[in-house]
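Quick notes on the structure that follows.
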Amino acid sequence: MQRRSHFLEKTLSGITRTLEQSLFAEAISLQPGVFQALDPRLKIIATLALLIGVSMAHNAWVIGAVYLLAVCFALASAIPADFFIRRVWLAVPLFTGLIALPALFMIPGQPLVHLPFGLIVTRPGAQSVLFLLLRVGTSLSLVLLLILTTPWNAVLGALSVLRVPDIFILILGMTFRYIYLLLHIANDMFLSRKSRVIGRMSGAEERHMLAAIGANLLSKSLNMSSEVYLAMVSRGYRGTVVTFKPFRMRRQDWFWSAFFAVTTVVIMYLGR
Amino acid sequence: MSFQKTQTTLKRLGTYYLALFVWLFTSAMHIPDGYLSPVASLIMFLLVLPFWGMGVRKIRQTMNARSVPLISLMAAFSFVIMMFNVPLPGGTTGHAVGAALAAIVLGPEVAAIAVSIALIIQAFFFGDGGILALGANCFNMAVVIPYVSSAVYQAFTKGTEISSTRRPIGAAIGGWLGLTAAAFFTAVEFGLQPLLFTAADGTPLYAPYPLSVSLPAMLVPHMLVASVVEGMMTALVILYLQRSNVQVLEAAGKAGDSSGEVPLQKLRWLWVGLAVLVVASPLGLLAPGTAWGEWSIEELAKLGLQSIPAGLEKLSTLWGAPLAEYGLPALGNANVGYILSALLGIVLVGIMVWLLTLLATGGSGKQKQSV
């Protein structure tokens with residue numbers, strides 16, 4: 001007998017998780033907090049600077065310090081600490097940890113720990129795994145901090161100030177909206193199929209059903225794009241784009257820019 | 001063979017298959033931040049840049065104002081299709097990237113833009129895939145897959161009817177090869193990290209495996225699972241479209257024919273050349289000695305030149321480069337200094353090219369888009 005693949009349930013739960021995640025992020029971004037109060041332009045530049053600092057650091061302590069800084073900011077920004085830590089350290093070891101695990105034994109060097117079956121953990125092996133895990137975890141935490149405290153339209157607005165072409169930001173914004181619409185449509189299609197299926201489908205039937213849903217979603221997207229175009233034209237769209245730039249740096253923003261600038265320089269200096 | 005030798009061979013084999021096994025279950029294409037060194041990330045951005053340029057150009061030529069909603073919806077579509085769990089024979093499931101499908105329907109240039117936007121949104125708003133690694137992720141998934149898949153599909157289906165059985169077959173092979181090629185590039189990017197970017201004592205600081213491990217560990221599982229998913233999904237959707245929505249495939253065929261512009265072709269080779277040079281430049285770290293003809297006075301003496309020409313001696317102090325020997329003295333570690341200088345150089349050249357293009361085009365064409 002063929003094992004059931006549960007692809008329907010997996011896809012449905014994946015879609016739900018995505019929707020849930022963005023609702024959660026939106027809820028947090030509306031709460032009062034240190035990072036929420038920052039100018040989104042500053043937040044994006046600061047996140048990028050810290051990411052570059054972390055990726056250039058050759059010193060594990062420095063990366064660890066940046067991680068602690070991120071946790072402090074999460075605490076000061078109404079992000080539940082257990083969520084912030086769990087979200088990163090459950091996913092990273094599962095993924096990066098598993099990938100990096102053999103490196104403990106494979107990189108030649110001075111032995112550190114002797115394990116049964118003659119496996120030897122080497123010092124450079126352990127160091128390189130530590131570096132990878134710390135770097136991946138810290139980078140992910142920094143991005144999470146940005147995502148959780150900044151509404152997506154603020155990020156898009158900030159990008160337009162940072163000289164990203166307006167047309168590109170318009171496309172990003174529209175894509176972002178239509179992702180939710182298409183997710184809902186896909187969710188409906190999967191649910192309606194699931195509710196009408198009795199018993200088991202063969203693997204081939206499952207694949208054909210998935211292809212039908214995918215192809216329908218593609219046709220719907222293409223049709224919708226021409227309808228959206230007509231709707232835009234009828235509202236006066238002529239191919240030029242103007243975006244709002246409603247940001248103004250306040251005194252505290254200048255303070256924090258100085259803080260992040262100094263932090264980045266310190267990271268780069270100590271981490272070399 | 002002695003006992004000890006057998007044991008080490010067995011150990012090596014064991015760890016190797018462990019690595020393989022691990023990749024099989026975690027075979028994802030989205031590279032997080034931390035796997036690639038900053039220089040490698042920057043190079044990947046530079047590699048992807050000309051393809052973005054080509055995509056934007058193509059959109060301006062063929063689709064005009066209609067392109068904004070089309071690209072948006074196709075990007076949203078590729079985001080959503082990446083969430084589909086595809087059942088494989090045998091009971092496992094995998095994710096498709098959907099880039100091959102987008103390339104067949106939209107053409108590779110436009111698909112590159114749509115998939116890139118989906119990846120940017122994943123990185124910036126959902127934390128999937130790194131932000132510094134975006135260049136690499138876009139190159140692997142939004143450039144390699146669409147261009148390879150669509151080239152294979154075009155070659156396989158040239159002159160065939162819309163309803164031909166060659167089309168889904170071409171789509172399957174295209175999808176499979178496209179994703180396999182992407183896995184190959186990802187493995188090369190990983191495998192170069194321990195070669196080029198290590199601590200002073202040789203400890204890998206980023207992705208730890210050399211090419212000899214990363215290539216088979218990445219390629220074999222992808223060829224068996226992820227590439228199969230991509231090829232199968234693409235073929236099945238094309239098969240379905242043949243029966244239910246032929247217009248989509250017809251429109252795709254027309255879009256493919258209207259390509260071809262001579263200056264762009266020339267420009268492409270320029271970019272390819274530049275890309276090769278950029279990729280090759282970190283290899284300078286491996287090369288011993290000094291570039292031919294760039295000896296300093298001390299080195300000339302060491303090379304056996306008995307008397308230094310007086311003029312040379314005088315001239316050598318005339319011009320001190322701001323970054324002498326390409327190493328930032330304040331940073332101690334020579335390798336870091338070298339890499340930083342390279343980074344700075346690339347950024348400076350990039351800014352200069354950007355300013356020059358701005359001058360050449362009169363600063364137009366950035367915000368405006370013809371209807």
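Results, tabulated for the structure shown:
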| read-out | value |
| --- | --- |
| Scope segment A:159-174; condition part of a helix (DSSP H, G or I), more than 8 Å from chain B (Cβ to nearest Cβ) and in contact (Cβ under 8 Å) with a residue 40 or more places away in the chain; matching residues | A:Leu159, A:Ser160, A:Val161, A:Ile169 |
| Top-ranked residue in segment B:151-185 [being of a type in the set (Ser, Thr, Tyr) and part of a helix (DSSP H, G or I); ranked as nearest to B:Ser214 (Cα to Cα)] | B:Thr180 |
| Hits in segment A:1-27 - residues which are over 22 Å from B:Gly130 (Cβ atoms) and touching a helix residue (DSSP H, G or I) at 6+ places or on another chain (Cβ under 7 Å) | A:Gln2, A:Ser5, A:Phe7, A:Leu8, A:Thr11, A:Leu12, A:Ile15, A:Leu19 |
| Test: residue in segment A:206-229 that is in contact (Cβ under 8 Å) with a residue 60 or more places away in the chain, farther than 16 Å from A:His6 by Cα and in a helix (DSSP H, G or I) | no |
| Tabulated pairs, segment A:11-35, first under 14 Å from A:Ala154 (Cβ atoms), second in a helix (DSSP H, G or I) and basic (Lys, Arg), C-beta under 8 angstrom, 6+ apart or interchain | A:Phe35/A:Lys43 |
| Pick from segment A:38-65, criterion in a helix (DSSP H, G or I) and among the small types (Gly, Ala, Ser), ranking: nearest to the other protein chains (Cβ to nearest Cβ) | A:Ser55 |
| Residue identified as within 19 Å of the chain's Cα centre (by Cα) and closer than 30 Å to A:Phe259 by Cα among A:Ala46, A:Ala76, A:Ala57 | A:Ala46 |
| One residue from A:Leu133, A:Leu140, A:Leu112, A:Leu145 being in the same structural domain as A:Arg87 (by TED's automatic domain parsing), without any contact (Cβ under 8 Å) to a residue 60 or more places away in the chain and closer than 28 Å to A:Ala37 by Cα | A:Leu140 |
| Unique residue being more than 9 Å from chain B (Cβ to nearest Cβ), buried (at least 19 other Cβ atoms within 10 Å of the Cβ) and under 30 Å from B:Thr8 (Cα atoms) when the list is A:Thr122, A:Thr149 | A:Thr122 |
| Qualifying residue in segment B:80-95 (condition: within 12 Å of chain A (Cβ to nearest Cβ) and part of a helix (DSSP H, G or I)) | yes |
| From A:Leu156, A:Leu144, residue being at the interface with chain B (Cβ under 9 Å from one of its Cβ atoms), on the phi < 0 side of the Ramachandran plot and part of a helix (DSSP H, G or I) | A:Leu144 |
| Yes/no for B:Ser41 being under 30 Å from A:Val66 (Cα atoms), facing another protein chain (nearest Cβ under 9 Å) and in contact with a Phe, Trp or Tyr (Cβ under 9 Å, 6 or more places away or on another chain) | no |
| Qualifying residue in segment B:106-122 (condition: within 8 Å of chain A (Cβ to nearest Cβ) and surrounded by fewer than 23 Cβ atoms within 10 Å (Cβ to Cβ)) | yes |
| B:Gly91 vs. criteria touching a Lys or Arg at 6+ places or on another chain (Cβ under 6 Å) and either farther than 30 Å from A:Val88 by Cα or modelled with pLDDT under 85 (or both) | yes |
| One residue from A:Phe35, A:Phe83, A:Phe73, A:Phe105 being more than 8 Å from chain B (Cβ to nearest Cβ), at pLDDT below 85 and in a helix (DSSP H, G or I) | A:Phe35 |
| Per-region count, segment A:175-205, residues hydroxyl-bearing (Ser, Thr, Tyr), facing another protein chain (nearest Cβ under 7 Å) and without any contact (Cβ under 8 Å) to a residue 40 or more places away in the chain | 1 |
| A:Arg135 vs. criteria surrounded by fewer than 18 Cβ atoms within 10 Å (Cβ to Cβ) and charged (D, E, K, R) | no |
| Residue within segment A:140-156 that is farther than 30 Å from A:Arg248 by Cβ and of a type outside the set (Phe, Trp, Tyr) present | yes |
| Residues of segment A:2-32 that turn out to be assigned to a helix (DSSP H, G or I) and away from every other protein chain (no Cβ under 13 Å), as a count | 2 |
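Results for (1) within 30 Å of A:Met209 (Cα to Cα); (2) without any contact (Cβ under 8 Å) to a residue 24 or more places away in the chain; (3) surrounded by fewer than 24 Cβ atoms within 10 Å (Cβ to Cβ), shown as yes or no for each residue.
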{"position": "B:Gln154", "(1), (2), (3)": "yes, no, yes"}
{"position": "B:Ile173", "(1), (2), (3)": "yes, no, yes"}
{"position": "B:Leu177", "(1), (2), (3)": "yes, no, yes"}
{"position": "B:Thr203", "(1), (2), (3)": "no, yes, yes"}
{"position": "B:Pro208", "(1), (2), (3)": "no, yes, no"}
{"position": "B:Val225", "(1), (2), (3)": "yes, no, yes"}
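The values are calculated or read from the model by the stated rules, or taken from the named source; none is laboratory data. Not measured: the values here are computed from a predicted model. Here the Cβ is made from the backbone with ideal geometry for all residues, glycine too, and neighbour counts use every protein chain on show.
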